[in-house]
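The values are calculated or read from the model by the stated rules, or taken from the named source; none is laboratory data. These numbers come from a predicted model, not from an experiment. Cβ placement follows ideal geometry from the backbone for every residue including glycine, while neighbour counts extend to all protein chains displayed. Ligands, DNA and RNA are stripped out before the accessible areas are found, and what is left, the full protein with its side chains, is counted by its heavy atoms. Shrake-Rupley method; radii C 1.70, N 1.55, O 1.52, S 1.80 Å.
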Amino acid sequence: MKVFIIETSSPFDVSEERSESKALTEICKMMDHEVAMFFAKSKREFEEICNYISSIEYVVERKDEEPICIHLSSHGNEKGILFGRDNLSWKEVSQVLTPIFTMDYEEDIFLVVSSCGTDRINLHSHMKNIVEEDYSPPKYIFSVNEEETEWRDAALIWTILYHQIDSLDSDEKLQVQGLLNRISGAGLGKLKYHRWDEDRNKYLQHSGKITV
C-alpha cells in the first residue's frame, strides 16, 4: 500500500517536535508500506498537496497500481480542521480532496482522518454530494469515534490499522468490522468507518453501536 500523510499541526507542536506523521512514516515503512509525508500550513498548501498527489495518474503504469491511503492528521473539532489560520469545514475539506478522487486510478483509495471531533464527522455526506465526472469516493473513511483524541492514543490505533489492513479483504466488510471491534475491545480506542456502497450509492457506517 502507498500511504500519503498530510499533516497540519500547531507551531507549539512543531516546537515540541510532536508529529504523528514522523512516527507513522517509520511504522508504515517497517510494515513494507511506501510512504510520503507532506506538511500543510494553510488551505492553499493543502490544495497544492492534493493536486500534486492527483498527478499520479500521469506517471503511473497500471502494473504499478496498488491501494492508496490518504491520511489527514490535524487539530480540529466536529465542524472541521485547522490549517494554520485557515479553519476548513468538512465540506471544504471534501472539495479540496476532490482531485485525488477524480484521478484516473483503478485501485482502492482509503481515507484516514486523525483529528479531534470526528465522533460527529460528516465528511462522508459532503463527499457523497460532490458531482464530478469520474468521481470515485474513498472506499473507506476511517476516523476516531471519540470527541477528543490524545496524540499517543491515535498513533497506537493507526499503527494497528496499518499493520492489519493489507491482510484484510476490503470487499469483505465483516473482516474490517472485526478489526475495528478488536481494537475497541482491547481498550485501545474506538474507531469507526464509513464504507462506500456502490449499489446503494451511499456511505454505510460501523461504529460498534451502528453496523451496516
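Residue-wise test of (1) more than 16 Å from the chain's Cα centre (by Cα); (2) under 17 Å from residue 114 (Cβ atoms); (3) charged (D, E, K, R); (4) open to solvent by less than 40 Å² (accessible area, probe 1.4 Å).
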site: 39; (1), (2), (3), (4): no, yes, no, no
site: 45; (1), (2), (3), (4): yes, no, yes, yes
site: 50; (1), (2), (3), (4): no, yes, no, yes
site: 95; (1), (2), (3), (4): no, no, no, no
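Could you figure out which of (1) outside any loop (DSSP other than H, G, I, E, B); (2) of a type outside the set (Ser, Thr, Tyr); (3) touching a residue at least 24 places away in the same chain (Cβ under 8 Å) isn't true of residue 178?
(3)
Of the conditions (1) part of a helix (DSSP H, G or I); (2) farther than 27 Å from residue 197 by Cβ; (3) at pLDDT 90 or above, residue 41 fails just one. Which one is it?
Going through (1) part of a helix (DSSP H, G or I); (2) farther than 27 Å from residue 197 by Cβ; (3) at pLDDT 90 or above one by one, residue 41 breaks only (1).
Could you please let me know if residue 166 is farther than 18 Å from residue 28 by Cβ and part of a helix (DSSP H, G or I)?
no
Are there any pairs with C-beta distances below 7 angstrom linking a residue in region 9-22 that is open to solvent by 30 Å² or more (accessible area, probe 1.4 Å) to a residue that is outside any loop (DSSP other than H, G, I, E, B), with the two at least 6 apart or on different chains, and if so which?
Listed by first residue and then by second, the contacts come to 18/151.
Can you work out which of the residues in region 179-200 that are surrounded by 13 or more Cβ atoms within 10 Å (Cβ to Cβ) and of a type in the set (Gly, Ala, Ser) is modelled with the highest pLDDT?
Taking the candidates together, the pick is 184.
Name the residue that is most open to solvent (accessible area, probe 1.4 Å), counting only residues in region 23-37 that are in a strand (DSSP E or B) and in contact with a Ser or Thr (Cβ under 8 Å, 6 or more places away or on another chain).
37
Which condition does residue 115 not pass, out of (1) open to solvent by 40 Å² or more (accessible area, probe 1.4 Å); (2) in contact (Cβ under 8 Å) with a residue 12 or more places away in the chain; (3) within 25 Å of residue 87 (Cβ to Cβ); (4) of a type outside the set (Lys, Arg), if it passes all the others?
Unmet condition: (1).
Any idea which of (1) without any contact (Cβ under 8 Å) to a residue 40 or more places away in the chain; (2) farther than 21 Å from residue 152 by Cβ; (3) of a type in the set (S, T, N, Q) is the one residue 54 doesn't satisfy?
All conditions pass for residue 54, except number (1).
Any residue at all in region 138-158 that's polar (S, T, N, Q), closer than 22 Å to residue 97 by Cα and crowded, with 16+ Cβ neighbours inside 10 Å?
Yes, some residue in region 138-158 is polar (S, T, N, Q), closer than 22 Å to residue 97 by Cα and crowded, with 16+ Cβ neighbours inside 10 Å.
What about residue 196, is it farther than 20 Å from residue 73 by Cα and within 17 Å of the chain's Cα centre (by Cα)?
The answer is yes for residue 196.
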